[in-house]
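K.L.:
First, the structure itself, so that you have it in front of you.
The values are calculated or read from the model by the stated rules, or taken from the named source; none is laboratory data. Small disclaimer: the values here were computed from a predicted structure and weren't measured. Here the Cβ is made from the backbone with ideal geometry for all residues, glycine too, and neighbour counts use every protein chain on show. Accessible surface is based on the protein model in full, side chains and every heavy atom, while ligands, DNA and RNA are left aside. Shrake-Rupley method; radii C 1.70, N 1.55, O 1.52, S 1.80 Å.
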Amino acid sequence: MMWLEILVGLGLIGVILVLARKHRELKERFREASLRMAELKTQRHLALVEEQSKQQALLDSMVEGVLLLDPQGRVVHMNPALVRLFGLASEFRGVPVGVALPVPEMEGLARRTVQQGRLTDQELELGEDPVRTLQVNAVALRDPDRLLAGTLFVFHDLTQHKRLGEQRREFVANVSHELRTPLSLIKGYTETLLAGAKDDPDTTTRFLQVIDKHADRLTYLIEDLLTISQLESGQVIMNLQPTSLRAVVEQVVEDLKSKAADRGTQLRNDVPENVRIHGDGDRLQQVFSNLVDNAVKYGRPNGRVVIGARSMHEDIVEAWVADDGLGIPAEARERIFERFYRIDKGRAREQGGTGLGLSIVKHIVHAHGGEVRVESEVGKGSCFYFTLPRVTEQSP
């Protein structure tokens with residue numbers, strides 16, 4: 001009986017040992033499973049963080065402004081482009097959109113987007129001087145159960161596009177006006193000649209001279225329009241090479257000395273012999289010709305026009321054309337380089353100007369990497385300055 005009890009006891013101990021071993025195995029398996037679950041969870045979290053980082057980087061790199069609202073209309077995210085567009089001091093998160101963005105229409109746009117599902121090509125105007133125009137597109141975001149999850153807005157700055165459109169319309173209107181005047185005169189004088197005025201030789205000569213004058217004006221206008229179109233579109237390639245600035249000015253003075261003599265204007269070339277620049281000689285002749293021609297036409301009779309230059313520092317030469325004419329009013333100095341801008345429209349047309357000369361000057365100087373400006377005092381004259389790259393001893 002004792003042996004039986006001993007055997008039973010030993011059997012129980014064996015069972016207990018087996019159960020203990022199984023428990024340890026189960027515990028080890030459970031630990032390994034927990035570790036695998038934690039690893040998978042970590043991997044999913046890292047993948048989610050990586051995806052969110054990619055999305056964040058994508059939104060932050062967009063030139064369009066992006067705004068994300070939660071279902072209550074509070075800001076969840078705004079990218080740097082939106083912060084810049086609205087001139088915000090920093091990003092706003094968790095606040096109502098009407099508080100975050102200084103635009104009264106935003107709350108209404110958010111409500112309309114939620115009601116309609118999307119908003120397309122809505123325009124907003126910011127500021128007063130100058131006015132900036134933004135185009136807004138928006139969509140309401142919904143989860144799989146069709147419940148509102150948020151609202152996404154994309155803002156595109158149309159200011160430059162609008163400004164270019166206005167400039168194009170203004171340019172077309174100006175060109176049409178400039179062409180209409182000489183064409184009307186040519187047609188009028190031609191019809192008069194055909195109606196019988198050609199029988200009077202003196203009248204015929206006078207009328208033909210007028211026709212010839214306005215035909216020349218049309219030619220100059222078309223040539224200037226082609227030039228400025230090529231300059232603005234980048235079609236003109238500057239032939240930059242070491243050039244004697246004095247030689248360029250000497251050619252211009254030679255070309256215009258007859259016109260200057262007719263008005264008793266003295267032309268003086270004060271450009272030093274040793275001033276050499278990297279430039280396109282032909283285009284720079286056009287610059288000096290326009291400036292000197294204007295100085296002769298609009299300067300006082302028996303006046304003086306001086307062309308000069310000096311080295312600003314090692315890399316830059318500043319050139320100028322100065323007259324002692326009537327000068328330019330302060331309000332006109334900022335606009336003097338605009339296409340078709342004239343201070344005295346009647347006098348400018350009478351002198352045969354196209355209104356494009358100074359705009360061409362500006363574009364050619366900019367193509368050389370320089371800047372152009374004007375200083376003037378009413379009653380004492382004007383001086384047009386522009387910079388050019390200088391040739392130095394170390395230059396190739």
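K.L.:
Please work out if VAL49 is of a type in the set (Val, Ile, Thr) and either outside any helix (DSSP H, G or I) or at pLDDT below 80 (or both). Walk me through how you get there before you give the answer.
P.N.:
Working: of a type in the set (Val, Ile, Thr): yes; either outside any helix (DSSP H, G or I) or at pLDDT below 80 (or both): yes.
For VAL49, the condition - of a type in the set (Val, Ile, Thr) and either outside any helix (DSSP H, G or I) or at pLDDT below 80 (or both) - is met.
K.L.:
Could you check how many residues of the stretch 336-367 are at pLDDT 85 or above, open to solvent by 10 Å² or more (accessible area, probe 1.4 Å) and assigned to a helix (DSSP H, G or I)?
P.N.:
Count: 5.
For (1) outside any loop (DSSP other than H, G, I, E, B); (2) of a type in the set (A, V, I, L, M, F, W, C), each residue gets a yes or a no:
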{"position": "VAL63", "(1), (2)": "no, yes"}
{"position": "LEU67", "(1), (2)": "yes, yes"}
{"position": "PRO71", "(1), (2)": "no, no"}
{"position": "HIS77", "(1), (2)": "yes, no"}
{"position": "ALA89", "(1), (2)": "no, yes"}
{"position": "GLY98", "(1), (2)": "yes, no"}
{"position": "GLN115", "(1), (2)": "yes, no"}
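K.L.:
Continuing with this model, one more query. Mind checking which residues of the stretch 127-160 are farther than 18 Å from ALA110 by Cβ, open to solvent by less than 50 Å² (accessible area, probe 1.4 Å) and in contact with a helix residue (DSSP H, G or I) (Cβ under 6 Å, 6 or more places away or on another chain)?
P.N.:
THR133
K.L.:
Return the pairs, sorted by first residue and then second, in which the second residue is assigned to a helix (DSSP H, G or I) and of a type in the set (Val, Ile, Thr), the first residue lies in the stretch 173-196 and is without any contact (Cβ under 8 Å) to a residue 24 or more places away in the chain, the beta carbons are less than 9 Å apart, and the residues are 6+ apart or on different chains.
P.N.:
Listed by first residue and then by second, the contacts come to TYR189/VAL210; TYR189/ILE211; THR190/ILE211; THR192/THR203; LEU193/THR203; LEU193/THR204; LEU193/ILE211.
K.L.:
Restricting to the stretch 171-204, and then to whatever is over 21 Å from ASP216 (Cβ atoms) and either within 43 Å of the chain's Cα centre (by Cα) or hydroxyl-bearing (Ser, Thr, Tyr) (or both), can you tell me which residue is most open to solvent (accessible area, probe 1.4 Å)?
P.N.:
VAL172
K.L.:
Looking at the stretch 271-278, is at least one residue in a helix (DSSP H, G or I), surrounded by fewer than 22 Cβ atoms within 10 Å (Cβ to Cβ) and not β-branched (Val, Ile, Thr)?
P.N.:
Going residue by residue through the stretch 271-278, those that are in a helix (DSSP H, G or I) are none.
No, every residue in the stretch 271-278 fails to be in a helix (DSSP H, G or I), surrounded by fewer than 22 Cβ atoms within 10 Å (Cβ to Cβ) and not β-branched (Val, Ile, Thr).
Residue-by-condition table, conditions (1) not hydrophobic (A, V, I, L, M, F, W, C); (2) not in a helix (DSSP H, G or I):
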{"site": "VAL136", "(1), (2)": "no, yes"}
{"site": "ASP145", "(1), (2)": "yes, yes"}
{"site": "GLY150", "(1), (2)": "yes, yes"}
{"site": "HIS156", "(1), (2)": "yes, yes"}
{"site": "ARG168", "(1), (2)": "yes, no"}
{"site": "PHE171", "(1), (2)": "no, no"}
{"site": "ARG180", "(1), (2)": "yes, no"}
{"site": "LEU183", "(1), (2)": "no, no"}
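K.L.:
Next question, about the same structure. Would you confirm whether any residue within the stretch 294-303 is of a type in the set (A, V, I, L, M, F, W, C), over 27 Å from PRO242 (Cβ atoms) and touching a residue at least 24 places away in the same chain (Cβ under 8 Å)? Step through it out loud before you land on a result.
P.N.:
At the first step, the residues of the stretch 294-303 found to be of a type in the set (A, V, I, L, M, F, W, C) are 295-296.
Now drop any that are not over 27 Å from PRO242 (Cβ atoms), which leaves 295-296.
Going one step further and asking which of them are touching a residue at least 24 places away in the same chain (Cβ under 8 Å), we end up with 295-296.
Yes; the residues of the stretch 294-303 include at least one that is of a type in the set (A, V, I, L, M, F, W, C), over 27 Å from PRO242 (Cβ atoms) and touching a residue at least 24 places away in the same chain (Cβ under 8 Å).
K.L.:
Taking the stretch 67-122 as the search range and keeping residues that are of a type in the set (S, T, N, Q) and open to solvent by 80 Å² or more (accessible area, probe 1.4 Å), which one is nearest to ASN137 (Cα to Cα)? I'd like the intermediate steps shown before the answer.
P.N.:
In the first step, residues of the stretch 67-122 are kept if they are of a type in the set (S, T, N, Q); the result is 72, 79, 90, 113, 115-116, 120, 122.
Checking which are open to solvent by 80 Å² or more (accessible area, probe 1.4 Å) leaves us with 72, 115-116, 120.
On the way: GLN72: 19, GLN115: 14, GLN116: 12, THR120: 5 Å.
Step by step, filter the stretch 67-122, then rank; the result is THR120.
K.L.:
Could you please find all residues in the stretch 311-335 being under 12 Å from GLU375 (Cα atoms), part of a strand (DSSP E or B) and open to solvent by 40 Å² or more (accessible area, probe 1.4 Å)?
P.N.:
TRP320, the sole residue that qualifies.
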